[in-house]
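The values are calculated or read from the model by the stated rules, or taken from the named source; none is laboratory data. Just so it is clear, the structure is predicted and the values come from calculations on it, not from any experiment. Every residue, glycine among them, receives a Cβ derived from its backbone with ideal geometry; neighbour counts consider all protein chains shown. These area figures cover heavy atoms from the full protein model, side chains too; ligands, DNA and RNA do not enter into them. Shrake-Rupley method; radii C 1.70, N 1.55, O 1.52, S 1.80 Å.
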Amino acid sequence: MGTAISGFIEYRASQEDQEPMGYSAGSLASLNDVRNYYAFGCLFGVRNYAHFRPLAAGRGIPADALATLSARFAQLTEWYGEDGFHDMTWITWAEVQAVDWDEPAEKPDSRLHQYRRAPDGLRMTGKSSWSPAFAEAVGLEAGEAREWPAGSEWLVGDTLYRAVTIRRKDAVTQTGEWQPVWKVMKELAAQHGDDNVRLVVWFDS
């Protein structure tokens with residue numbers, strides 16, 4: 001069973017002679033509904049096969065969560081129980097702005113990258129955490145997991161297996177599914193301040 005992400009963008013706006021008020025700017029689903037485990041791991045430490053240092057993992061529900069968000073969590077708990085969703089956390093636009101997108105993961109991807117030869121060179125065909133053909137070629141027992149040094153590679157038949165360390169910008173690309181989210185947060189931050197705009201997320205599996 002796969003893991004999907006849900007969430008809301010929130011912002012706080014200053015009020016004359018009053019405390020700032022919190023508002024919802026809409027659901028994450030309308031901006032990004034792509035199941036990308038590289039991005040989940042890089043940003044929030046969920047399905048972190050690529051071994052990133054997560055930017056905002058395990059923070060839970062914000063202490064000052066909006067009433068609409070608290071009601072949503074209560075509804076989800078009623079429908080699915082406390083195990084129906086997990087890894088609630090949040091990240092501000094200020095934190096997104098501070099990210100070094102060239103930062104590499106801490107270890108190579110636990111899923112070996114697979115390539116096939118094409119007329120224009122190697123072409124990536126997928127990623128694999130377990131391949132019977134590869135396991136037989138290198139002497140792995142059934143279900144055995146092993147870490148390989150970055151750059152290690154093996155040609156098995158016509159498939160090249162390679163251990164690769166990826167960077168944050170490979171997980172959250174400049175033209176990928178997270179850009180609409182960042183655009184909305186950036187526009188809100190221009191009006192209300194980088195620390196007053198945040199994305200709250202949770203996951204279900």
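Could you give log10 I(q)/I(0) at q = 0.13, 0.14, 0.17, 0.25 Å⁻¹ for the stretch 96-139, computed by the Debye formula over C-alpha point scatterers of equal weight, without solvent?
Results for the stretch 96-139 at q = 0.13, 0.14, 0.17, 0.25 Å⁻¹ read -0.49, -0.55, -0.71, -0.96.
Check SER152: other-chain or 5+ apart residues with amide H under 5 Å from its amide H, H built from backbone geometry?
Counting only residues 5 or more places away or on other chains, the set is ALA163.
If we count GluC sites (Glu not before Pro) as exposed when they sit in a DSSP loop and have at most 16 other beta carbons within 10 Å, what is the longest stretch of the chain that avoids them all? Walk me through the numbers on the way to the answer.
Values: sites that count: GLU16, GLU82, GLU106, GLU141, GLU144, GLU147, GLU177.
The longest uninterrupted stretch comes out as 17-81.
Report the gain in length on full extension from ASP120 to GLU95: 0.36 nm times residue separation, minus Cα-Cα distance, nm rounded to one decimal.
Working: separation 25, 0.36 × 25 = 9.00 nm, distance 3.96 nm.
The ASP120-GLU95 span can extend by a further 5.0 nm.
List the lysines whose Cα lies under 26 Å from the Cα of LYS127, skipping any in the same chain that are fewer than 8 positions away.
Hits, sequence-local ones excluded: LYS107, LYS169.
Taking R0 as 35 Å, what's the FRET efficiency between ALA190 and ARG167 from their Cβ-Cβ distance, rounded to 0.05?
Here the calculated transfer efficiency is 0.80.
If you count the DSSP beta bridges with both ends in the stretch 1-141, what percent of them are antiparallel, to the nearest 5?
Percentage antiparallel, nearest 5: 100.
Quick one: accessible area per residue over the chain, 1.4 Å probe, rounded to a whole number of Å²? All intermediate terms of the calculation are to be shown ahead of the outcome.
Values: 11440 Å² over 205 residues.
Value returned for the chain: 56 Å² of accessible area per residue.
Any number yet on Rg/Rh for the stretch 17-100, C-alpha, Kirkwood?
Values: Rg = 14.6 Å, Rh = 14.8 Å.
A ratio of 0.99.
Counting other Cβ atoms within 10 Å, keep those with at most 12, restrict to DSSP loop, and tell me which chymotrypsin sites (Phe, Trp or Tyr not before Pro) in the stretch 11-46 are left. Provide the component values of the computation, followed by the final result.
Numbers: sites: TYR11, TYR23, TYR37, TYR38, PHE40, PHE44; in loops: none.
For chymotrypsin sites (Phe, Trp or Tyr not before Pro) across the stretch 11-46 that sit outside H, G, I, E and B with at most 12 neighbouring Cβ atoms in 10 Å, the list is empty.
What is the sum of charges around ALA135, taking Lys and Arg as +1, Asp and Glu as -1, for the other residues whose C-beta is under 12 Å from the C-beta of ALA135?
Details: positive: ARG146; negative: GLU136, GLU141, GLU144.
For residues surrounding ALA135, the net value is -2.
Given 37 °C and 0.692 mPa s, compute D for the chain with the Stokes-Einstein relation, Rh being the Kirkwood radius over Cα pairs; round to the nearest whole µm²/s. Don't skip to the answer; put the middle values down first.
On the way: Rh = 19.1 Å.
Translational diffusion coefficient: 172 µm²/s.
How high is the relative contact order of the stretch 76-205, in percent, with contacts defined as C-alpha pairs under 8 Å that are six or more residues apart? Before the final figure, lay out each step's value.
Working: 165 pairs, mean separation 51.3, N = 130.
About 39 percent, as a whole number.
Which three extents, in whole angstrom, do the alpha-carbon atoms of the stretch 1-56 cover along their principal axes, largest first?
Projected onto the principal axes, the Cα atoms of the stretch 1-56 cover 48, 25, 15 Å.
Suppose the chain between LYS107 and GLU177 were pulled fully straight at 0.36 nm per residue; how much longer would it get relative to their current alpha carbon spacing? Each step should come with its number before you reach the end.
Working: separation 70, 0.36 × 70 = 25.20 nm, distance 2.44 nm.
Here the answer is 22.8 nm.
Test of understanding: express the Cα radius of gyration of the stretch 107-205 as a ratio to 2.2 N^0.38 Å, with N the residue count.
That ratio works out to 1.54.
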